[in-house]
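Novice: To start, I am sharing the structure in question, which I have written as C-alpha cells.
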Amino acid sequence: MPIVEKQFMELTAGFDPKSFWEENSRCTQFTRDKPRCSAALPVDDHWLFEFLDVPSTVRYYHDKEYRDSLHCEANQVTMEHLGRAFFDEDSWRHQPRRIENLFGSEFSYNEGGTPWWMPVTDDPHEFVRILDLAERIDLKTWVLTEDFLKEWERRKQAGKLLPKLGTGSRGPATIMTSVLATETVFFWMYDEPELMRRFRDLLAQKMVELNSVLREFSGNTEPGWWITDDNCALFNRELYREYCSPVLRQVLDAMAPGDAPRNQHSDSAMGHLLDDQRELGIKEVNYGPTVDAALIRTKMPEAMIHGHMPPFLLRNGSPREIEERVIEDFNKAGRTGGLNVTTAGSVAAGTGVGRLRWFMKLAQDHCRYAG
C-alpha cells in the first residue's frame, strides 16, 4: 500500500499540482525575475522500495518487466497526488560498462537494499596488476557490451527516444572508496602514495576516454557534467586537493569547458570543501543538510543551490517544522533568485505523497518574489 499521509492530504486539500508544475517551468533560472523559487522532488529507487513496500529489491534490478510494473504502479499514485510521473515505465535491460568495472569492481545485490560496489583487493601488488590491465584495455570496444548494442538498435528501429550518454558520473572520492575499501584508500594514501597517485591519474584519463566514447556513440554534443560524490566528505582539504581536485579538473575541462553546467551532488557533511568546489567552477550544488545554506551562498555566490530541506525532517517533522525550514532556507539562500527548493540529497525512504504535496505547497506559498 503506497504511503499517503492523511494529515498532510487534508492540509493540501485545495492544492493544484498541475498549476504548480506549469508555474514551476517558468522559475528555473538564477534570477529574481520569476514568480517564485522552483522546486523539485528527487525520488529514487530507495524511496520507491519503501513507498510500495517492494517484495524483492534483487528482482527489481534483474527483472525488467517486474521493475517496469513497479514504476507504473508508483507513477499512477504520484500522478494522482503530485501531478507528475517520476519513473521510467520502459526501463533498459542493459547498460554500458562503468568506470568502476574498469578497475575490477562489480555490484553485489542483496535483498532490502540497492546495489553495492565490492572492493577489488587490499593487496597493493595485486592492485598494480589491476591498474596495468585497466591501462591496456581499449575502451572503444570494452564500454559498449554486445547486449547493450543490440538493445540500443532494437529501440532505435522501433523509433524510441534514445538517451544522450556521457553526461556525468560519480566523483573521484566515491569511485576510489568503491574500487577499494575506504580504510584501504586512506592507508595507502600515506603508505603507498605513488600507487594512489597512479590510480588518481589513470582514473582521470579513463573517465575522459570512457565518457568520450559514450558521447560519440550517442551523438551527445551538449557540454556539461554532473557529479555525485557523497564520500568526498571523508577527505580533508589537503587530501581532496591532492587526489580529487586533479581528477575533477581534468574531467570538467574535457566534458564541461568554459561556462558549461557543472553540477555536484554530495549529501554529506562536506562544507569544508566549498572553496575547492568554487575553484573547480561548480555552479549547481546539492549538498548535505548539515552544510548551512547561508554558508553555501556566502562561499559560492554564483551557485544555484538545490536544497536545502533535510530529508528526515521532511519525512518525520510536523507540518509547522517543515514550514519553518522552507521559510528559513528561502531567507538564507533564495532571495537572490538562486534556490531550487528540494531536499538536501534525495527524498528519504518512508516519505509519503502527502508530505511531498505539503512541501510543494510551502514552496508555492513562501518562496515568491514581489512583482
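What follows is calculated from the coordinates using simple rules that are stated; it is not laboratory data. Owing to the predicted nature of the structure, the values given are computational and were not obtained by experimental measurement. Glycine gets a Cβ as well: all are built from the backbone with ideal geometry, and neighbour counts include every protein chain shown.
Novice: State which residue pairs qualify: first residue under 18 Å from THR351 (Cα atoms) and inside segment 1-21, second residue assigned to a loop (DSSP other than H, G, I, E, B) and not basic (Lys, Arg) in any location, beta carbons under 6 Å apart, and separation of 6 or more residues or different chains.
Specialist: Filtered contacts from segment 1-21: ILE3/GLY352; VAL4/GLY352; GLU5/GLY352; PRO17/GLY83.
Novice: Can you find even one residue in segment 305-319 that is touching a Lys or Arg at 6+ places or on another chain (Cβ under 7 Å) and small (Gly, Ala, Ser)?
Specialist: Checked against the condition, which is being touching a Lys or Arg at 6+ places or on another chain (Cβ under 7 Å) and small (Gly, Ala, Ser), segment 305-319 yields no hits at all.
Novice: Give the residue, chosen from GLY352, GLY334, that is buried (at least 24 other Cβ atoms within 10 Å of the Cβ) and of a type in the set (Gly, Ala, Ser).
Specialist: Of the residues listed, the single one that is buried (at least 24 other Cβ atoms within 10 Å of the Cβ) and of a type in the set (Gly, Ala, Ser) is GLY334.
Novice: Count, please, the residues in segment 239-269 that happen to be surrounded by 18 or more Cβ atoms within 10 Å (Cβ to Cβ), within 16 Å of HIS306 (Cβ to Cβ) and free of Cβ contacts under 8 Å to residues at least 40 places away in the same chain.
Specialist: 2
Novice: State all residues of segment 291-314 that are touching an Asp or Glu at 6+ places or on another chain (Cβ under 7 Å) and surrounded by fewer than 20 Cβ atoms within 10 Å (Cβ to Cβ); if no residue qualifies, say none.
Specialist: Selection gives LYS299, LEU313.
Novice: Against the conditions (1) part of a helix (DSSP H, G or I); (2) of a type in the set (Gly, Ala, Ser); (3) crowded, with 18+ Cβ neighbours inside 10 Å, where does SER169 fall short? Just the number, please.
Specialist: Against the list (1) part of a helix (DSSP H, G or I); (2) of a type in the set (Gly, Ala, Ser); (3) crowded, with 18+ Cβ neighbours inside 10 Å, SER169 comes up short only on (1).
Novice: Checking GLY281 against (1) small (Gly, Ala, Ser); (2) on the phi > 0 side of the Ramachandran plot; (3) under 15 Å from the mean Cα position of the chain (by Cα), only one condition comes out false. Which one?
Specialist: (3)
Novice: Considering segment 1-51 alone, what residues qualify as being closer than 16 Å to THR78 by Cα and of a type in the set (Val, Ile, Thr)?
Specialist: ILE3, VAL4, THR12, VAL43
Novice: What residue, among those in segment 80-137 that are of a type in the set (Val, Ile, Thr) and within 20 Å of the chain's Cα centre (by Cα), is surrounded by the most Cβ atoms within 10 Å (Cβ to Cβ)? Spell out how you get there, then give the answer.
Specialist: Narrowing segment 80-137 to residues of a type in the set (Val, Ile, Thr): 99, 114, 120-121, 128, 130, 137.
Narrowing further to those that are within 20 Å of the chain's Cα centre (by Cα): 99, 114.
Numbers: ILE99: 22, THR114: 14.
Filtering segment 80-137 for residues that are of a type in the set (Val, Ile, Thr) and within 20 Å of the chain's Cα centre (by Cα), the one surrounded by the most Cβ atoms within 10 Å (Cβ to Cβ) comes out as ILE99.
Novice: Exactly one of (1) surrounded by fewer than 16 Cβ atoms within 10 Å (Cβ to Cβ); (2) over 28 Å from GLN277 (Cβ atoms); (3) within 25 Å of the chain's Cα centre (by Cα) is unmet by TRP152. Its number?
Specialist: So TRP152 meets the others, but not (1).
Novice: Kindly check whether there is at least one residue in segment 17-24 that is over 22 Å from the mean Cα position of the chain (by Cα) and crowded, with 18+ Cβ neighbours inside 10 Å. Full working, then the answer.
Specialist: Looking only at segment 17-24, we keep the residues that are over 22 Å from the mean Cα position of the chain (by Cα), and these are 17-20, 22-23.
This time we only want the ones that are crowded, with 18+ Cβ neighbours inside 10 Å, so: 17, 20.
Yes.
Novice: Is it fair to say THR290 is under 15 Å from ALA233 (Cα atoms) and out of contact with any strand residue (DSSP E or B) (no Cβ under 9 Å at 6 or more places or on another chain)?
Specialist: yes
Novice: Step by step: first the residues of segment 25-47, then only those that are touching a Cys at 6+ places or on another chain (Cβ under 8 Å) and in a loop (DSSP other than H, G, I, E, B), then the one that is surrounded by the most Cβ atoms within 10 Å (Cβ to Cβ). Which residue is that?
Specialist: Here the residue is CYS37.
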